[in-house]
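Undergrad: I have a structure here, written as structure tokens, and I will follow up with some questions on it.
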Amino acid sequence: MNGLDEESLAPQTFLYGCTLEAGKEVTFSPEDHELEHQLDLKLACVDPSTKDELNLVEVEGQDAEGQKIKAALVSLKPSTLPSVCLGGFTITPPAVFRLKAGSGPIHLSGQHLVMMETEQSFDEDD
Amino acid sequence: MNGLDEESLAPQTFLYGCTLEAGKEVTFSPEDHELEHQLDLKLACVDPSTKDELNLVEVEGQDAEGQKIKAALVSLKPSTLPSVCLGGFTITPPAVFRLKAGSGPIHLSGQHLVMMETEQSFDEDD
Amino acid sequence: MNGLDEESLAPQTFLYGCTLEAGKEVTFSPEDHELEHQLDLKLACVDPSTKDELNLVEVEGQDAEGQKIKAALVSLKPSTLPSVCLGGFTITPPAVFRLKAGSGPIHLSGQHLVMMETEQSFDEDD
Amino acid sequence: MNGLDEESLAPQTFLYGCTLEAGKEVTFSPEDHELEHQLDLKLACVDPSTKDELNLVEVEGQDAEGQKIKAALVSLKPSTLPSVCLGGFTITPPAVFRLKAGSGPIHLSGQHLVMMETEQSFDEDD
Amino acid sequence: MNGLDEESLAPQTFLYGCTLEAGKEVTFSPEDHELEHQLDLKLACVDPSTKDELNLVEVEGQDAEGQKIKAALVSLKPSTLPSVCLGGFTITPPAVFRLKAGSGPIHLSGQHLVMMETEQSFDEDD
């Protein structure tokens, strides 16, 4: 437990931001064996350079059966809805973000939470 | 309790996503007798292929009297409101999602929470 | 305490949905002397049949002085804003929902929470 | 402590609503020496009688240095954005709400939380 | 621990508000060695004087690797989306807010949380 006291089990909060463009996917996959990482997505927004078309953000992650799945997250269009609150969408790594439609750029932002790993072993696959 | 320590009672978070179309309903009903499942709905959004009409998402679940009910959840229209934050709408299985109006596709996404079952017995029907 | 263990003090979550129309108010007032009820309002949305006018939802409940008050909650218009996230607005019964303006239909949805009653006696009126 | 048990330290939730108009500010300042009050603002919305102009809601409260400050909270316009979710903006009294621009009426609603006062003394001014 | 009892470890909530304009960045960096500060951003909105162009708010902070990063937070345009709920975006100081596009003014508001510092030492840089 490396000298951590009880308080330090609370997650630490860092800033996260990335930008999606056509053909440019972003991976969230921190390499770490002692700490647990989570992404708490807060906002998606367009850029002044984003073309006026529907931009659909897709995230690829793992479902409860341990399978890789893709979920369509949010649609933005500069002239209709330039920003959307994502309501604290928790992403467990590894995850990949990409544009399923539109050419962006679309900005994603949120909080990168880092906490002490807790042993959890009740996988469905056991 | 299968060797789980206190920390492991915290829910594990997986990615959830589904797509609704006219005549294509989606059921959330994980088969599991040892683990408890919940869906934390975060976002609904349109697709580039969604026709410009009002799409109304309906969820069918169970009310506090143990009766099956349908609730109209969210309305989206590509030219007016292509995405809506659902604010972490907690769905207890079994539940069914479908389009009550419009032909979609409408994408739903959120977090699938899996936790140890807790014995709860204060049903109204007792 | 009816054999409930500590875990069962956590609230149970059920689906809630109602539809408001001109002249049709909806009451949330579960009759229960052993359990505590709360409504966690999540979303308001229009219907394909809703006329294109401003629909204003009003809730009537109790303020901190124990007086009955009316609060204007949310305004929706099909061509401008067909859905609004209510952010988990907690309603303590008894409460009444109605349209203060517009003829609807407007759909409200959320979570009906049921938990063990906790003795609370620090009323302002004491 | 007036016979309160541990459970009663949890806040009690009441309904809050007010309406702002040009020249009509609203004060949130419950007079109470034994209980602690907080406002959890949830929604702002326009009225059918609100003129089609930008209405900017301002709140006056206290910053972390103990100074009185004004913060511009939310902008609404009937034809563009008739309702905004405020995401549970916690207001510690005393606070004053007013329109910094526009003539309203603008409705604010939320939850008035009442809890037992906890002795807190780590003021920056000490 | 300066005579603080257990309850006083709970954060105290103050009002925060700032206004961004072209060339006018705002720093959130409270000087304090005994207390911990956080900003819980709640809303961004335009002013009646904001030009009708896309205004993009950028925040500069620290990522989980200890590097300085810039994240594009939210886009607002008076005629399209005059206000956006930021969903309680937690900012750990030091942070800088500025307009990456547009000339504003854009108002940011939220809660400034002050709490007792907890010793946390599991930095990635160790």
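The values are calculated or read from the model by the stated rules, or taken from the named source; none is laboratory data. Note that the coordinates shown come from a computational prediction; the quantities given were computed from them, not determined experimentally. Cβ atoms come from the backbone with ideal geometry, glycine included; neighbour counts cover every protein chain shown. The area values use the complete protein model at the heavy-atom level, side chains included, leaving out ligands, DNA and RNA. Shrake-Rupley method; radii C 1.70, N 1.55, O 1.52, S 1.80 Å.
Undergrad: Determine the shielding of peptide C:61-73 by partner chains: average, over its residues, the number of Cβ atoms on other chains within 10 angstrom of each Cβ.
TA: 6
Undergrad: Right, next: Around E:Glu25, with a cut-off of 13 angstrom between Cβ atoms, what is the net charge of the other residues, counting Lys and Arg +1 and Asp and Glu -1?
TA: +1
Undergrad: Then there is this: From the backbone phi of the stretch A:54-66, what are the Karplus-calculated ³J(HN,Hα) couplings (6.51 cos²θ - 1.76 cosθ + 1.60, θ = phi - 60°) in whole Hz, Gly and Pro given as x?
TA: Coupling constants for the stretch A:54-66: 6, 9, 10, 8, 10, 10, 10, x, 10, 8, 5, 8, x Hz.
Undergrad: List the lysines whose Cα lies under 22 Å from the Cα of A:Lys77, skipping any in the same chain that are fewer than 8 positions away.
TA: A:Lys24, A:Lys42, A:Lys51, A:Lys100, B:Lys42, B:Lys51, B:Lys77, C:Lys77, D:Lys77, E:Lys51, E:Lys77, E:Lys100
Undergrad: Could you state the accessible area per residue of the stretch D:11-116 in Å², with a 1.4 Å probe and every protein chain left in place?
TA: Spelled out: the 1.4 Å probe surface of the stretch D:11-116, per residue, equals 35 Å².
Undergrad: Determine the residues within the stretch D:21-38 where the difference in accessible area between the chain on its own and the full set of protein chains amounts to at least 30 Å²; count protein heavy atoms only and use a 1.4 Å probe.
TA: The answer is D:Leu35.
Undergrad: For the full complex of protein chains and a 1.4 angstrom probe, list B:Lys77, D:Lys70 by accessible area with the highest value first.
TA: If we order B:Lys77, D:Lys70 from most to least accessible, we get D:Lys70, B:Lys77.
Undergrad: Using a simple charge model, +1 on the beta-carbon of Lys and Arg, -1 on the beta-carbon of Asp and Glu, nothing else, what dipole does the stretch B:18-116 show about its Cα centre, in debye to the nearest 20?
TA: The dipole of the stretch B:18-116 has a size of about 440 debye.
Undergrad: What does the structure give for C:103-111 when I average, per residue, the other chain Cβ atoms found within 10 Å of the residue Cβ?
TA: Other-chain Cβ atoms within 10 Å of each residue's Cβ, averaged: 4.
Undergrad: Tell me: how much accessible area in total is hidden between C and B, 1.4 Å probe, Å², nearest 100?
TA: 2700 Å²
Undergrad: Could you pull the Rg and Dmax for the stretch E:18-116, using just the Cα atoms, both in Å?
TA: 13.8, 45
Undergrad: For peptide C:88-97, what's the mean number of Cβ atoms from other chains within 10 Å of each residue's Cβ?
TA: 4
Undergrad: Which residue is it, in chain C, that holds its beta carbon closest to the axis of the C-onto-E rotation, and how many whole angstrom away?
TA: Value returned for chain C: C:Cys85, 4.
Undergrad: Right, something else. Which distances, in nm and shortest first, link the D:Glu25 label point to the same label point in every other copy, taking 7 Å along Cα→Cβ?
TA: Here D:Glu25 shows inter-copy label distances of 3.4, 3.4, 5.4, 5.4 nm.
Undergrad: For D:Thr50, B:Thr92, write out the residues from largest to smallest accessible area, computed with a 1.4 angstrom probe and no ligands counted.
TA: Solvent-accessible surface, decreasing: B:Thr92, D:Thr50.
Undergrad: Counting only residues 5 or more places away or on other chains, whose amide H sits under 5 Å from the amide H of A:Ile69 once H atoms are built in the peptide plane?
TA: Those qualifying (amide H under 5 Å, at least 5 residues apart or on another chain) are A:Gly61, A:Gln62, A:Asp63.
Undergrad: Now a separate question. Between the label point of E:Glu36 and that of the same position in each other copy, find the distances and list them shortest first in nm, with every label point placed 7 Å from Cα along the Cα-to-C-beta direction.
TA: 1.7, 1.7, 2.8, 2.8
Undergrad: Put the label 7 Å from Cα along Cα→Cβ for C:Lys68; what are its distances to the other copies, in nanometres, shortest first?
TA: Distances between equivalent label points, in nm: 3.8, 3.8, 6.1, 6.1.
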